[in-house]
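One structure is given below, encoded as structure tokens.
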Amino acid sequence: MSKRVLITGASSGIGLSCLKRFHENGYIVAVTVRKDDDEKRLMQDYPGITIINVDLRDEAALQQKIEHYLRTNNGVDIIVNNAGFACIGAVEELSMAQWRQQMDTNFFAVVNICRLALPYMRQQRQGRIIQISSGIGQSVMPIFSPYATSKHALEAFSESLRYEVKPFGIDVSMIAPGPVRSSFDSNREIPTSANVSASPYQQTIEFAQAKTADVHSRESSPDAVVDKVILAATASRPKLRYSVGILGFAATLYKFIPKTILDRVLVTNDNKSDHNEKMNTTR
Ligand SMILES: NC(=O)c1ccc[n+]([C@@H]2O[C@H](COP(=O)([O-])OP(=O)(O)OC[C@H]3O[C@@H](n4cnc5c(N)ncnc54)[C@H](OP(=O)(O)O)[C@@H]3O)[C@@H](O)[C@H]2O)c1
């Protein structure tokens, strides 16, 4: 019998590529989007799939719509928690609302979807939960703290959950890509150039932005991510983590780099002196 898969964030990028591949492979596919136009487009392009139109930050709507989907389909076999975005900026310059939006989308929505699906998976005595994490789930960068925090939280949650639900035949895996070609960059929430030039963190922001621009030449295709998703969905013993691309793999080595080296690499001298100057002038 065909397996049922639920994919979040299927309007573009990795989610859309997952939708295509699972659909081609004969799975019974359900996806989430949050814009009416995306719902209409996917309905036309993929007749027969289930489309759940919900903003993942709306906890009540998410709960109601996912519960409805699970009830009417009598459960789900595979979940790909993919939807997400990056909020980037200096900690003191970001509002609490921005932090909440980041955590609501990238972390709490995932927790909510898992807790709703687990009773069904437990009863079925099988299920696969596949989280789209990131290389930054195991590493950090200045100015990336909201995004890194959301993915580190996702990693800790997913690894704990893996050991908790394994006795019930449920597997939890993470896919950790480096940079991937998608709408991710255009959907990032970043400081405006006017804000950057007035910021005491200007050097650090520009340094972090230059580092991210650098890695563009090493972007993987969304299909490379989907290959790993399919592996996690079908392997008889799915691994805890699958990295994608050279930078996804490099992130797994981050924890072995001595902190004294990271202090040198991630904090520039220029930045330190500029920061002190700006802080002194504002005192
Ligand atoms: N691209 C990369 O370099 C990269 C690297 C590592 C990990 N990742 C992870 O891969 C996942 C997919 O990203 P992508 O690269 O495919 O980027 P993308 O093309 O921007 O896709 C992100 C998807 O998430 C959806 N989404 C964002 N916020 C949402 C919300 N509040 N409610 C509902 N849906 C929401 C977007 O919907 P809308 O179209 O409506 O905004 C879109 O469908 C993310 O979790 C990201 O963190 C990406």
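Just so it is clear, none of the values below were taken in a lab; they were calculated from the coordinates. Values in this document were obtained by computation on a predicted structure and should not be read as measured data. Because the Cβ atoms are built from the backbone with ideal geometry, glycine has one as well, and the counts that use them run over all protein chains shown.
Round to the nearest 0.05 the FRET efficiency obtained for residue 43 and residue 101 when R0 = 25 Å and r is the Cβ-Cβ distance.
The calculated FRET efficiency here is 0.35.
Using a 7 Å offset from the Cα along the Cα-to-Cβ direction at both residue 141 and residue 24, what is the distance between the two label points in nm, to one decimal?
Placing both labels 7 Å beyond Cα along the Cβ direction yields 3.0 nm.
Residues of the range 99-136 with the amide nitrogen closer than 15 Å to a label point 7 Å from the Cα of residue 55, along Cα-to-Cβ, please.
The answer is 99-106, 109, whose backbone nitrogens lie closer than 15 Å to the label point.
Given charges of +1 on the Cβ of Lys and Arg and -1 on the Cβ of Asp and Glu, with all other atoms neutral, how large is the dipole of the range 74-166 about its Cα centre, in debye to the nearest 20?
Dipole about the Cα centre, nearest 20: 460 debye.
Of 135, 169, 245, which is the most mobile in a GNM of the chain whose springs link Cα atoms less than 10 angstrom apart?
169
To the nearest 20 Debye, how big is the dipole of the range 128-205 about its Cα centre, given +1 on the beta carbon of each Lys and Arg and -1 on that of each Asp and Glu?
With only Lys, Arg, Asp and Glu charged at Cβ, the dipole is about 120 debye.
Given the options 43, 69, 17, identify the residue whose Cα lies farthest towards the positive end of the charge dipole of the range 11-70 (+1 on Cβ of Lys, Arg; -1 on Cβ of Asp, Glu).
Among 43, 69, 17, the one farthest towards the positive end of the dipole of the range 11-70 is 17.
If one takes the longest principal axis of the Cα atoms in the chain, at what angle in degrees, from 0 to 90 and to the nearest 10, does the Cα axis of helix 109-124 lie?
30
Under 20 Å between alpha carbons, and skipping anything fewer than 8 positions from residue 40 in its own chain: which lysines qualify?
Answer for residue 40, where 20 Å is the Cα cut-off: 20, 65, listed by chain and number.
Across the Cα atoms of the range 90-143, what radius of gyration and what greatest pairwise Cα-Cα distance (Dmax) are found, in Å?
Over the range 90-143's Cα set, Rg and Dmax evaluate to 15.4, 47 Å.
Which trypsin sites (Lys or Arg not before Pro) in the range 4-97 pass both tests, a DSSP loop state and at most 12 other beta-carbon atoms within 10 Å?
Of the trypsin sites (Lys or Arg not before Pro), the ones in loops of the range 4-97 whose Cβ has at most 12 other Cβ atoms within 10 Å are 35.
In 10 Å bins starting at 0, how do the alpha-carbon pair distances of the chain split up by percent?
6, 28, 34, 20, 9, 3, 0
At a Förster distance of 45 Å, what's the computed FRET efficiency of residue 236 paired with residue 63, Cβ-Cβ distance as r, to 0.05?
It comes out at approximately 0.85.
Between residue 223 and residue 93, what is the spin-label point distance in nm, taking each point 7 Å from the Cα along the Cα→C-beta axis?
The answer from the label model is 3.9 nm.
So what is the 222 nm mean residue ellipticity for the chain from helices alone, if each DSSP H run of at least 4 adds -39500 (n - 2.57) and you divide by all residues, rounding to the nearest 500 deg cm²/dmol?
So the helix-based figure for the chain works out to -16000 deg cm²/dmol.
Pick out which of 33, 267, 225 has the largest mean-square fluctuation in a Gaussian network model of the chain, springs linking Cα atoms closer than 10 Å.
267
For the modelled label position 7 Å from the Cα of residue 72 along Cα-to-Cβ, which residues of the range 1-29 have backbone nitrogen atoms closer than 14 Å?
Label zone hits: 29.
Put +1 on the Cβ of each Lys and Arg and -1 on the Cβ of each Asp and Glu in the chain; which of 152, 196, 27 then has its Cα farthest toward the positive end of the dipole?
27
Tell me whether the range 29-185 comes out rounded, prolate or oblate; compute the Cα gyration tensor, take square roots of the eigenvalues as a ≥ b ≥ c, and use a/c under 1.5 as the rounded threshold.
oblate
Could you identify which residue out of 106, 81, 195 has the top mean-square fluctuation in a GNM of the chain using Cα springs shorter than 10 Å?
Maximum among the listed residues: 195.
For residue 193 and residue 252, compute 0.36 nm times the residue count separating them, minus their Cα-Cα distance, and round to one decimal in nm.
18.0 nm
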